[in-house]
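**Q** For reference, the structure I am asking about is given below.
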Amino acid sequence: ALLAGFQNFGGVVSSQIGLYATQIAGIHTKPPCNFDNLNTLVLFCHCLLPLIAIPLTFILIPNKKMDEKILDEETAEDKEVDEEGIQLTTIKHSD
């Protein structure tokens, strides 16, 4: 279920980004059609843009197993609640 959720979310985000990218590139599919920048857009979106996922994997995904807690009880200190009832947590990193 988690993998399917991420796949659905990725599909929605990628189609929205593709819509805006075609508008920025000046590609028009209604008369008068304009596909002048299509080669550049395909090269950028299908070849160069996926390469960004490799370094982002090491930055955005925590080095924890799925059944482990991301924040240990020792590092999550000074819990407060703001005026909207949202719990605020201050994390102290040990060097």
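Nothing in this text is a laboratory measurement; each read-out follows from the coordinates by a stated rule. These numbers come from a predicted model, not from an experiment. In this analysis, Cβ positions are derived from the backbone assuming ideal geometry, glycine residues included, and neighbour counts consider all displayed protein chains.
**Q** Sorted by packing (mean other beta-carbon atoms within 10 Å per residue), highest first, where do 13-25, 58-70 land? Mind showing how you got there, number by number?
**A** Values: 13-25: 11.8, 58-70: 7.7.
Averaged packing, sorted descending, gives the order 13-25, 58-70.
**Q** Pop out the ³J(HN,Hα) list for the stretch 10-26 in order, Karplus 6.51 cos²θ - 1.76 cosθ + 1.60 with θ = phi - 60°, rounded to Hz; leave Gly and Pro as x.
**A** Residue by residue, the stretch 10-26 yields x, x, 5, 5, 5, 5, 5, 5, x, 4, 5, 5, 5, 5, 5, 6, x Hz.
**Q** Could you derive backbone 3J(HN,Hα) for the stretch 56-69 from the dihedral phi with the Karplus parameters 6.51, -1.76 and 1.60 (θ = phi - 60°), listing whole Hz in sequence and x where the residue is Gly or Pro?
**A** Once rounded to whole Hz, the list reads 5, 4, 6, 8, 8, 8, x, 8, 9, 6, 5, 8, 8, 6.
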